[in-house]
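The values are calculated or read from the model by the stated rules, or taken from the named source; none is laboratory data. Worth saying up front: this structure is predicted, and the values here are computed from it rather than measured. For neighbour counting, all protein chains shown are included, and Cβ atoms are generated from backbone atoms with ideal geometry for every residue, glycine included. Please note that ligands, DNA and RNA were not included when accessible areas were found on the heavy atoms of the full protein model with its side chains. Shrake-Rupley method; radii C 1.70, N 1.55, O 1.52, S 1.80 Å.
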Amino acid sequence: MTSLKEIAGLLKKLKSATIFCHMRPDGDTLGAAMGLKSLLEENGARCKVVCESPVPSKFFFLEGMNEIDDKPDESAQAYICVDCSETHRLGALCEVFERAEKTKFNIDHHISNTRFGDYWYVEDRSATCEIMTELASLFTDKISKRTADCFLLGLSTDTGNFAHKNVVESTFLAAAKLVASGADLYAIQYNMYKNQPAARALLFGRTMSAIRYYEEGRIAFIYVTREQLRAANATSDMTEGFNDFPLSVAGVEVAVCLLETADERFKISLRSKGETDVNAIARVYGGGGHVQASGCMISGCLEEVIDKLRYTIKQHLQD
């Protein structure tokens, strides 16, 4: 593993770069990418951020988020992946990234990271944006407001607004540094947690009214089908954060959200608040992430997928 100081030194020398977000982007990958873009541009580099998936409009309150597209700069000197545990998480851009004869960087916080790229730094932190805040401090003496806003977005969203168990002293120290640099905590919290569209509220209510409990209430399942999305006039990105609610129910140790992405194809989000390692569960199906927050994709009809997961989770529950 390359040290963060070495990566900062290498990035300072870049004249151009394309930064890659993972598919179905969340606040951490977008914040890390756009914050790094700001850092590099302030250092005189030409920089672009790309993602195979459309960026949800809720992130557009931050400058430049609506300019992210899916076409990498082929003339860029380096390709940089942020918050991406493996190249397949780049979706349609995976092959582009892998085949390109570029200097490649990989900066991430997932323990399941495959350590790809010429230079990689992987550390189990609350968010990739916590790592990026430290990187920025090695990069410059003064973090700009634009950069700080982006990194604070990732810190806030990947920690459940600083409520998850992965939040430690270094998380708050990073957040404090970003606020001191001008990051607007109120704007981020308002847009992320207090400004949801009516369609999301409708979908949330319908989804939570159908929670299924198993193993004497230790496991909770919720699911969202494409038909349910259409009926609520909602989009799939509106389900982000849904899994926090069943996990908050007393007695629930593992919460599972199934999101239908295609016919008999489901995106699985796993959350744990006890000792159950959901990363190990996700790995059974080719996924991964963190001990208490992981994901994977599973094919099959809804009931088949639920049955598979019930069995696997039961094998990993702690007595």
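Just the residues that are under 21 Å from Lys267 (Cβ atoms) and not in a loop (DSSP other than H, G, I, E, B), please, taken from region 19-30.
Looking only at region 19-30, we keep the residues that are under 21 Å from Lys267 (Cβ atoms), and these are 20-30.
Phe20, Gly27, Asp28, Thr29, Leu30, listed by residue number.
Would you say Arg46 is modelled with pLDDT under 95 and open to solvent by 10 Å² or more (accessible area, probe 1.4 Å)? First the steps, then the outcome.
Numbers: modelled with pLDDT under 95: no; open to solvent by 10 Å² or more (accessible area, probe 1.4 Å): yes.
Criteria not met by Arg46.
Could you check Thr147 against (1) surrounded by fewer than 20 Cβ atoms within 10 Å (Cβ to Cβ); (2) closer than 21 Å to Gly9 by Cβ and say which number it fails?
Thr147 satisfies every listed condition except (1).
Search region 89-115 for residues that are farther than 19 Å from Gly287 by Cα and pair each with any residue that is open to solvent by 60 Å² or more (accessible area, probe 1.4 Å) and hydroxyl-bearing (Ser, Thr, Tyr) when their beta-carbon atoms are under 7 Å apart and the residues are at least 6 apart or on different chains.
Pairs found: Phe105/Tyr119.
Mind counting the residues in region 300-312 that are in contact with a helix residue (DSSP H, G or I) (Cβ under 8 Å, 6 or more places away or on another chain) and of a type in the set (Ser, Thr, Tyr)?
1
Quick check, is Phe60 aromatic (Phe, Trp, Tyr), surrounded by fewer than 21 Cβ atoms within 10 Å (Cβ to Cβ) and within 22 Å of the chain's Cα centre (by Cα)?
On the way: aromatic (Phe, Trp, Tyr): yes; surrounded by fewer than 21 Cβ atoms within 10 Å (Cβ to Cβ): yes; within 22 Å of the chain's Cα centre (by Cα): yes.
Yes, satisfied.
Using beta carbons and a limit of 6 Å, which pairs, at least six apart or on different chains, have the first residue in region 271-298 and without any contact (Cβ under 8 Å) to a residue 60 or more places away in the chain and small (Gly, Ala, Ser) and the second one part of a loop (DSSP other than H, G, I, E, B) and buried (at least 21 other Cβ atoms within 10 Å of the Cβ)?
Gly295/Gly287
When region 200-217 is examined, which residues are found to be part of a helix (DSSP H, G or I) and surrounded by 15 or more Cβ atoms within 10 Å (Cβ to Cβ)?
At the first step, the residues of region 200-217 found to be part of a helix (DSSP H, G or I) are 200-208.
Listed by number, the residues that qualify are Arg200, Leu202, Leu203, Phe204, Thr207.
Tell me whether region 231-250 contains one or more residues that are among the aromatic types (Phe, Trp, Tyr), in contact with an Asp or Glu (Cβ under 7 Å, 6 or more places away or on another chain) and within 27 Å of His109 (Cα to Cα).
Initially, region 231-250 is screened for residues among the aromatic types (Phe, Trp, Tyr), giving 242, 245.
From the residues that got through so far, the ones that are in contact with an Asp or Glu (Cβ under 7 Å, 6 or more places away or on another chain) too are none.
No, region 231-250 contains no residue that is among the aromatic types (Phe, Trp, Tyr), in contact with an Asp or Glu (Cβ under 7 Å, 6 or more places away or on another chain) and within 27 Å of His109 (Cα to Cα).
Might you check whether a residue that is among the β-branched types (Val, Ile, Thr) and over 19 Å from the mean Cα position of the chain (by Cα) occurs anywhere in region 160-172?
Taking region 160-172 first, the residues among the β-branched types (Val, Ile, Thr) are 167-168, 171.
This time we only want the ones that are over 19 Å from the mean Cα position of the chain (by Cα), so: none.
No, every residue in region 160-172 fails to be among the β-branched types (Val, Ile, Thr) and over 19 Å from the mean Cα position of the chain (by Cα).
Yes or no: Val284 touching a strand residue (DSSP E or B) at 6+ places or on another chain (Cβ under 9 Å) and either closer than 19 Å to Arg212 by Cα or at pLDDT below 95 (or both)? Working first, answer last.
Numbers: touching a strand residue (DSSP E or B) at 6+ places or on another chain (Cβ under 9 Å): yes; either closer than 19 Å to Arg212 by Cα or at pLDDT below 95 (or both): no.
No: the conditions fail for Val284.
Restricting to strands (runs of 3 or more DSSP E) lying wholly in region 41-155: which have 3 or more residues that are touching a Cys at 6+ places or on another chain (Cβ under 8 Å)?
Details: elements: 46-50, 78-82, 103-108, 119-122.
The qualifying strands (runs of 3 or more DSSP E) are 103-108.
Identify, please: which residue in region 94-137 is open to solvent by less than 10 Å² (accessible area, probe 1.4 Å) and of a type in the set (A, V, I, L, M) and is, among those, farthest from His290 (Cα to Cα)?
It comes out as Ala136.
I need every pair where a residue in region 64-79 that is under 25 Å from Leu153 (Cα atoms) and without any contact (Cβ under 8 Å) to a residue 40 or more places away in the chain has its Cβ under 6 Å from the Cβ of a residue that is open to solvent by 60 Å² or more (accessible area, probe 1.4 Å) and in a loop (DSSP other than H, G, I, E, B), sequence separation at least 6 or different chains.
Every condition considered, the pairs that remain are Asn66/Phe60; Asp70/Glu52.
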